[in-house]
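Undergrad: Before I ask anything, here is the structure I am working with.
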Amino acid sequence: MLHRISAAAAIAILLSLPYGSTNASELRVGFTLDALTLDPANHRNRQTETILRNIYDGLLTRDAKMKVVPELAESWTQVDPLTYDFRIRQGVKFHDGSAMTADDIVFTFERLTKDGAMGGQTSPRKDLVGPVESITKVDDNTVRFKLKEPWPILPAMLPVQEVVSKAFTEKVGSQGLATQTNGNGPFKLVEWRKGDAIILERFEDYYGGSPDIAPVGKACVDRVIFRIIPENASRVAALLAGEADIIAELPPYDMKKVEANANTKVMKVNGTRSFFVALNNAKKPFDDPRVRRAANMAVNKALIIDKILLGTAVPLNGVLSPDAFGFNPDLPEYAFDVEAGKALLAEAGYPNGLDVTLDTEGAYKDMAEAVAAMLTKVGIRTKVAVGEGSTIRAKWAPAGEKKGDMYFNSWGNGSLDPADIFVPTLRTGDRGNTAFYSNKEVDALLDAANVELDQTKRADLYKKAQVLVNKDAPWIFLWLPQDIYGVSKRVTGWEPSADSRINLHDACVK
Amino acid sequence: MKPLALLGRTLQLVPVLLGVSVIVFVMMMLTPGDPVEIMLADQQATPQQVETMRHDMGLDRPALERFGVFLGNALTGNFGLSFFHRRPVFDVIAERLPATIELTLAALLLSLIIAIPLGVIAAIKKNSLIDRMAAVGSLFGISLPGFWFGIILIILFAVHLKILPVAGRMDFACEVPPITYLLTIDSLLRGRPDCFSNALSHLILPAFTLALPMAAVLTRVQRTAMIEVLRSDYITFAEAKGLSRRRILWRHALKNALVPTVTVAAIETGSLLGGNMVVETVFGWPGLGRLVVESIFVRNYPLVQAAVLFYAVTYVLLNFVADILYTVLNPRVKL
């Protein structure tokens with residue numbers, strides 16, 4: 001009996017020992033997925049990018065308003081449509097104390113753009129720097145990018161390319177760079193516990209980050225820990241239990257719970273993925289713009305956003321996020337109006353309505369069914385067909401048979417630049433043009449914007465194109481989901497950003 | 001056991017493992033969805049890049065050739081490059097394996113600690129309240145979805161009572177240089193009792209969630225075996241000799257009644273590996289199970305193939321061990 005009591009006592013003592021040391025300046029992020037690699041050039045993964053973003057800096061970055069600003073570069077100039085010059089900031093140090101030079105930048109981009117430059121492998125990020133033909137050192141302070149064709153999106157794509165140390169990479173090799181780092185960002189790697197946590201600490205010799213983003217200086221917290229908790233309910237529990245200070249991808253149905261907790265709050269920001277229903281513009285019945293407009297009038301977006309997405313999305317009247325470059329805020333809205341929709345259908349020659357099929361992937365079934373029910377009320381009797389992602393994508397390939405009716409679809413726009421979403425989805429025959437939409441005027445505007453050096457003029461071209469697309473209604477314009485974060489009230493100075501990257505340089509903890 | 005029988009039994013493993021590898025390979029091939037497209041889904045790639053990547057992965061080669069390469073490499077422990085991590089599959093799996101082994105061993109130990117005494121007591125006090133409660137508890141344990149149960153435990157012990165952590169293996173404050181890579185053992189070996197309790201506190205909830213269904217099965221097995229043994233002649237004989245009841249029960253009866261429990265436990269340990277996938281996901285446990293789940297979602301062929309092959313080998317080996325244990329514990333049984 002006695003030893004049973006002592007065993008129970010031992011367990012009780014064990015359980016009462018503190019399991020977590022609470023350090024005042026330790027910030028813990030509850031994250032969905034571990035980094036796949038720590039080599040900035042060897043992945044195509046958003047979670048990896050977010051973690052690397054705190055270890056490495058890029059030539060350019062974005063401020064909270066998504067404006068592209070210099071980071072490791074001091075400034076940049078576009079010499080002509082095919083040439084960009086970047087002035088390199090002086091006094092930037094890598095985590096091992098060595099100085100960053102123009103050679104490191106040339107090396108980084110050669111690794112990204114040359115075939116087999118990563119120990120025989122070719123960077124999977126190669127086409128994220130698109131038509132970059134060469135990068136050369138002009139002098140110690142300047143590097144020059146030469147393009148094969150005009151690509152005004154280059155500055156917008158540079159924030160996601162981190163600069164590595166030439167000497168370090170040559171020392172450890174591309175294999176070594178997968179697990180070791182010598183960054184130039186606000187935090188340096190302490191330990192990577194694979195699948196569990198990535199532990200970072202403040203880099204004391206940090207140059208301070210982009211001068212355009214206040215405050216400039218060292219990071220605020222001593223330590224940052226990315227803790228990998230893939231399961232939603234557990235991640236929320238970690239926040240509520242005080243084990244995590246910021247959690248990514250808070251499920252909408254848990255927002256109330258987080259708000260109800262005295263120590264936590266919900267923070268939202270517009271995401272980068274536009275949702276729409278691509279209508280087959282190439283065949284009946286959606287070859288008629290009146291039918292397409294009727295479909296737009298049938299869908300009560302506000303209701304779906306409110307009831308299914310629990311208010312975590314913004315309605316769209318066009319292709320672009322409100323945070324994107326060149327967004328046109330003055331596009332007319334297709335107001336929800338069943339009667340007007342019916343009238344328009346009758347005018348188009350369908351007084352008794354019509355029957356169509358809406359293709360969707362399993363994940364979007366709920367939303368697609370809601371859309372279908374609304375369309376049916378107007379007389380566009382819609383059947384939802386759930387299919388497997390790649391099968392549907394094959395069916396809707398722009399070069400394919402063009403046999404479908406409607407496709408519940410989305411397109412991500414990480415750069416928040418129209419060149420990355422508007423062109424591929426709506427230019428005649430382009431790779432993501434699942435609506436098979438073709439308007440010569442729109443094509444001309446997009447092509448002109450592609451070589452326009454003056455950013456104001458370029459934005460105007462996109463604004464005009466948005467008006468045309470809005471009128472043509474090749475899609476049912478749906479919404480842009482927001483990114484939702486659960487945040488402890490002990491965190492200050494941090495804002496979620498619309499490019500989904502969690503930047504912890506300015507975050508402090510009370 | 002005779003060496004020849006052992007050899008024969010070992011040779012049986014070969015066709016089983018070959019069959020498993022064929023099934024794994026074919027199933028991955030038949031799954032709809034192009035791995036390259038899924039990998040690049042985040043940032044819509046150009047067709048040219050898709051082609052390059054497909055070539056890099058060898059996906060443009062005929063299936064039979066790919067299978068041959070896969071099999072040949074597997075024999076030498078080379079499972080190729082994990083598409084996603086862009087590192088050797090072997091390394092990626094090796095990093096995650098210790099966490100899974102630690103969790104599995106803890107769950108195995110825990111379920112034996114629960115099941116053996118409970119089964120014995122239920123058998124001795126057949127049809128009593130304790131026996132009935134054990135029966136109901138077993139049914140409960142078998143039918144509870146581990147996923148749901150794990151979340152309930154988290155909400156109770158981590159969110160409300162705040163006595164156990166939600167997820168992970170050990171806190172940052174503990175840095176224990178690896179010896180066995182099992183954190184509880186390593187922290188003891190390194191003389192860090194604080195880290196031991198830290199690692200143990202992380203281990204308790206997932207291990208318990210994983211152990212529960214197994215404990216439920218084993219309790220039933222233990223109870224039945226014990227009842228059977230208690231009915232046998234030698235127990236009656238021992239009682240007649242005047243040995244104390246306690247000695248009879250725990251020395252003579254239990255020793256024989258453990259045979260089925262141990263063999264079932266060995267086999268069930270194989271299925272623990274499957275349960276790991278769920279439990280590791282819920283508790284953010286950095287093990288192989290979670291890695292496999294993530295890899296299935298992104299069609300990371302080489303990794304899934306290697307991991308499933310590993311599971312199959314483990315399962316087959318555990319069955320093998322169970323058979324041997326059976327013959328050792330019960331000499332009347334021959335292979």
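Undergrad: Give the peptides A:446-458, A:384-396 in descending order of average Cβ contacts within 10 Å, highest first.
TA: Working: A:446-458: 15.3, A:384-396: 17.3.
Those peptides, ordered most packed to least, come out A:384-396, A:446-458.
Undergrad: What's the extension gain from residue A:306 to residue A:346 if we count 0.36 nm per residue and subtract their Cα-Cα distance? Walk me through the numbers before you get to the answer.
TA: Details: separation 40, 0.36 × 40 = 14.40 nm, distance 3.04 nm.
That works out to 11.4 nm of additional length.
Undergrad: Next question. Give me the inter-chain shielding for A:375-386: mean count of other chain Cβ atoms within 10 Å, whole number please.
TA: 0
Undergrad: Modelling each spin label as a point 7 Å along the Cα-to-Cβ direction, I'd like the residue A:110/residue B:189 distance in nm, to one decimal.
TA: 4.5
Undergrad: How well do other chains shield peptide A:226-236, expressed as the mean number of their Cβ atoms within 10 Å of each residue Cβ? Show your work: numbers first, answer last.
TA: Working: counts 0, 6, 6, 8, 8, 13, 1, 9, 11, 3, 5.
So the per-residue partner count for this stretch is 6.
Undergrad: Something else now. Can you list the lysines whose alpha carbon sits under 18 Å from that of residue A:377, skipping same-chain ones fewer than 8 residues off?
TA: Of all the lysines, those that pass the test against residue A:377 - Cα under 18 Å, at least 8 places apart if same chain - are A:301, A:342.
Undergrad: Between residue A:460 and residue A:214, how high is the FRET efficiency from 1/(1 + (r/R0)^6) when r is the Cβ-Cβ distance and R₀ = 30 Å? Nearest 0.05.
TA: Details: r = 30 Å, r/R0 = 1.01.
According to the calculation, E is roughly 0.50.
Undergrad: A further question on this structure: Hey, which lysines would be in cross-link range of residue A:148, C-alpha to C-alpha under 29 Å, not counting anything within fewer than 8 residues on its own chain?
TA: Cα-Cα hits under 29 Å: A:67, A:114, A:126, A:137, A:166, A:440, A:457, A:463, A:464.
Undergrad: If you don't mind, another one. Fully extended, how many nm does the chain gain between residue A:376 and residue A:495 (0.36 nm per residue separation, minus their Cα-Cα distance)? List each step's numbers first, then the result.
TA: Working: separation 119, 0.36 × 119 = 42.84 nm, distance 4.13 nm.
That pair, residue A:376 and residue A:495, stretches by 38.7 nm at full extension.
Undergrad: Given the alpha-carbon gyration tensor of chain A, what are the semi-axes of its equivalent ellipsoid in whole angstrom, ordered largest first, with each equal to the square root of 5 times an eigenvalue?
TA: Equivalent ellipsoid of chain A: 42, 33, 19 Å, largest first.
Undergrad: Sequence neighbours fewer than 8 away in the same chain don't count; with that in mind, list the aspartates and glutamates whose C-alpha is under 13 Å from residue A:265.
TA: In chain and number order, the partners are A:245, A:254, A:495.
Undergrad: Would you mind computing, in nm to one decimal, how far apart the modelled labels at residue A:260 and residue A:388 are, each placed 7 Å from Cα along Cα→Cβ?
TA: 4.1
Undergrad: What length, rounded to one decimal in nm, is gained on full extension from residue B:173 through to residue B:244, with 0.36 nm per residue of separation minus their alpha-carbon distance?
TA: Values: separation 71, 0.36 × 71 = 25.56 nm, distance 5.19 nm.
Extra length available between residue B:173 and residue B:244 comes to 20.4 nm.
Undergrad: Also: So, by mean Cβ neighbours within 10 angstrom, what's the order for B:197-206, A:86-95 with the highest one leading?
TA: Numbers: B:197-206: 23.7, A:86-95: 18.5.
Order by mean packing, descending: B:197-206, A:86-95.
Undergrad: Additional query: Points 7 angstrom from Cα along the Cβ direction at residue A:253 and residue A:440: gap in nanometres?
TA: 5.2
Undergrad: Quick one: Cα centre-to-centre distance for the range B:270-331 and the range A:379-434, in angstrom?
TA: That distance is 39 Å.
Undergrad: Moving to a separate point now. To the nearest 10 Å², what's residue B:174's accessible area with a 1.4 Å probe?
TA: Probe radius 1.4 Å; accessible area of residue B:174 about 10 Å².
Undergrad: Any chance you could check the Cα centroid distance between the range A:182-224 and the range B:182-255 for me, in angstrom?
TA: Result: 49 Å between the Cα centres.
The values are calculated or read from the model by the stated rules, or taken from the named source; none is laboratory data. Predicted model only: the values in this text are computed from it and were never measured. All Cβ positions, glycine included, derive from the backbone under ideal geometry; neighbour counts span all protein chains shown. Quick note on the areas: whole protein, heavy atoms, side chains included, nothing else; ligands and nucleic acids left out. Shrake-Rupley method; radii C 1.70, N 1.55, O 1.52, S 1.80 Å.
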